[in-house]
Every structure is written in C-alpha cells, then in structure tokens.
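J.: Sharing a structure here in structure tokens format.
The values are calculated or read from the model by the stated rules, or taken from the named source; none is laboratory data. As the structure is a prediction and not an experimental result, all values here were calculated from the model. Positions of Cβ are generated from backbone atoms using ideal geometry, with glycine treated the same way; all protein chains shown enter the neighbour counts. Note: areas computed on protein heavy atoms with side chains; ligands, DNA, RNA excluded. Shrake-Rupley method; radii C 1.70, N 1.55, O 1.52, S 1.80 Å.
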Amino acid sequence: TVSNAGVFGELNNVQFAVWSEDKWQDDIKWINANAGTNGSWNLDIQMNQFNTYGKYEVHAYGNLKDGTRKFLGKTTFTVDKPTWDIEIENQNEEAGTFDVVIKNIDSKSGVSQIQMPVWSQANQSDIYWYTANKQSDGTYKATVSMSNHKYHTGKYTVHTYLTGGNGLRACKVYGTVDVKPVYAKVEVKDTNGKQTTYRATVSNAGVFGELNNVQFA
C-alpha cells in the first residue's frame, strides 16, 4: 500500500516494482495498483509469480495527469524459507532400498509437495525424481530403490525440494547414502539324503528386475 500519494499531484495510476534481492531484479515485476480511499493505492502481491525466498524490494511510482512520473517511495518485506530435517531409515541391503524421511517441517505457507531427486552417477545419468507421501505422523517419506537407478551401487546423492503453499520451492541437500552390491542367494540341498538328487534354489532374484527365466550352469 502507498498512502498520501496525492501529495505529488493528481495521479492517473500507480505502479509497484517488486523483485527479490536474491539475484537483484532478475525477477522484477511491474504491477498496477488499485485506487483506494484517501489517496491510497494498493495491490496484493501473489508469491506464485516469483521463485525465491528471502527479502523483497517494493518501489512505488506514480504517473501524474500532466504526464510526469514520480517515485513515491519504497519498502521491503521478507518471505521466510522453510526448514526441515532429513533422515535415512529402513535401509535394506538385500533389497537395495532405503527410506528418505522428511520431518520437523517449519513452513509458514504449509506444504504443497516434496520431491527428492536421487542419483549415483557423477553425470546424473541415473537420476530419478521421487515424490514423498505424507505419513499419519505428519512426516513425508519416499522409498528409494536401486531398481530405479539401473541397479547401480555406491554412493547415492539425495536432494530434497519442498514446495510451499505459496508456490515457492526450497532445496536442502542430505548428502550421500552408501548402497552396497546386491546378490541373489543360491543354495543346493540333498533332497532325499542319499545324494541322488539335489535341489538348486535361487532366492531374492527379483531384486535385479523382472525375470523371464533363470538358468543354472
């Protein structure tokens, strides 16, 4: 809101220039204000027009009926970045899976969505985006499986992105999770105790993907 704008003369209209200080005017928006009472002009700034948390600049300019343009004043406001904690739970080395759990969320506009890009290769050739599901205790969880990452092993990099109810997205990096090689379990048993027939069994084979068949050499 800009008040007492009429002190500069009769105004045709008022415009606000709004931008975030993050990269300084790379996201500047010029927005026409609505005439209020007693010489005031106002507008509602919708944050889904922007991409950044932090401090914002607001400058007001009036266009007078005589054709001149006046700088009316300026102010700032701040949009607080959400905070949250990340924990790795339920790591299953036999299955090549682990859960990424988001908890202790503090977001003034709420949570619209939480996404998690995960990859193991330096060139991100096996990147996969997970969407976390809200749990009954208010946390969010996604299960990472090596089957979504070409069955690569090694260090998996985990990033988390929280989109607030205001449309802005914030990022927090967890770091890496060590995923060890997965092997199927192969066993052979004497079926009758007379060493005439042996049963060969492979279990947990599906961890490598959907199988058409299995052969034993």
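J.: For the range 171-217, how big is Rg over Rh, using alpha carbon atoms and the Kirkwood form of Rh? Please report the intermediate quantities before stating the final value.
T.: Details: Rg = 18.0 Å, Rh = 14.2 Å.
With Rg and the Kirkwood Rh in hand, the quotient comes to 1.27.
J.: Hey, another quick one. List, in order, the whole-Hz ³J(HN,Hα) value for each residue of the range 131-138 obtained from phi through the Karplus relation with A = 6.51, B = -1.76, C = 1.60 and θ = phi - 60°; use x for Gly and Pro.
T.: So the J values, rounded to whole Hz, are 9, 6, 9, 6, 9, 5, 8, x.
J.: Determine ³J(HN,Hα), in whole Hz, for all residues of the range 98-110 in sequence, where each value follows from phi through the Karplus function 6.51 cos²θ - 1.76 cosθ + 1.60 and θ = phi - 60°; x replaces Gly and Pro.
T.: Ordered by residue, 3J(HN,Hα) equals 7, 9, 9, 10, 9, 9, 6, 6, 10, 9, 4, 9, x Hz.
J.: For the range 11-25, just list the computed ³J(HN,Hα) in residue order, Karplus coefficients 6.51, -1.76 and 1.60, θ = phi - 60°, integers in Hz, with x standing in for Gly and Pro.
T.: Values per residue, Gly and Pro as x: 9, 6, 6, 10, 10, 9, 9, 10, 7, 8, 7, 4, 10, 6, 6 Hz.
J.: Out of residues 5 or more away from Val179 or on other chains, whose amide H comes under 5 Å of its own, with H placed 1.01 Å from N in the peptide plane?
T.: HN-HN under 5 Å from Val179: Gly154, Lys155, Tyr156.
J.: Note down the relative contact order for the chain as a percent, whole number, built from C-alpha pairs under 8 angstrom at least six residues apart.
T.: Working: 446 pairs, mean separation 32.0, N = 217.
The value is 15 percent.
J.: Continuing with the same structure: Amide H to amide H under 5 Å from Ser40: which residues, 5+ apart in sequence or cross-chain, H placed 1.01 Å off N in plane?
T.: Residues meeting the amide H criterion: Asn4.
J.: Past the 26 angstrom mark, what percentage of all C-alpha to C-alpha distances in the chain do you count? Please list the in-between numbers first.
T.: Details: 13881 of 23436 pairs.
Above the 26 Å cut-off, the chain has 59 percent of its Cα pairs.
J.: Could you tell me the extents of the range 91-217's C-alpha atoms along the three principal axes, largest first, rounded to whole Å?
T.: 72, 36, 24
J.: Can I ask one more? Can you send over the carbon and sulfur percentage of the accessible area for the chain, probe radius 1.4 Å, protein chains only?
T.: On the way: 5620 of 13220 Å².
The computed percentage sits at 42.
J.: Compute the distance in nm between two label points, each set 7 Å from the Cα along the Cα-to-Cβ direction, one at Ala217 and one at Asn133.
T.: It works out to 4.1 nm between the two label points.
J.: Here's another thing I want to ask about it. For Gln113, what residues show an amide H to amide H distance below 5 Å, using hydrogens built from the backbone and excluding near sequence neighbours?
T.: Thr163
J.: For Asp178 and Asn42, FRET efficiency with R0 = 35 Å and r from the beta-carbon atoms, rounded to 0.05?
T.: Numbers: r = 55 Å, r/R0 = 1.56.
Efficiency for this residue pair is about 0.05.
J.: May I ask for the equivalent-ellipsoid semi-axes of the range 20-125, computed as the square root of five times each C-alpha gyration tensor eigenvalue and listed largest first in whole Å? Kindly include the intermediate steps, with their values, before the conclusion.
T.: Numbers: eigenvalues 423, 51, 22 Å².
Output for the range 20-125: semi-axes of 46, 16, 10 Å.
J.: Structure shown: which of Lys103/Lys155; Lys23/Lys141; Lys23/Lys108 lie over 28 Å apart, alpha-carbon to alpha-carbon? Don't skip to the end; give the middle numbers.
T.: On the way: Lys103/Lys155 23 Å; Lys23/Lys141 32 Å; Lys23/Lys108 23 Å.
The pairs that break the limit, which is 28 Å between Cα atoms, are Lys23/Lys141.
J.: Also, I was wondering about something else. Take peptides 115-126, 204-215 and line them up by average Cβ neighbours within 10 Å, highest first, as a rough protection proxy. Intermediate values should be presented prior to the final figure.
T.: Numbers: 115-126: 15.3, 204-215: 9.5.
Top to bottom by mean Cβ count within 10 Å: 115-126, 204-215.
J.: So what is the relative contact order for the range 1-112, in percent, with contacts set as C-alpha pairs under 8 Å and at least six apart?
T.: Details: 203 pairs, mean separation 25.5, N = 112.
Reported relative contact order: 23 percent.
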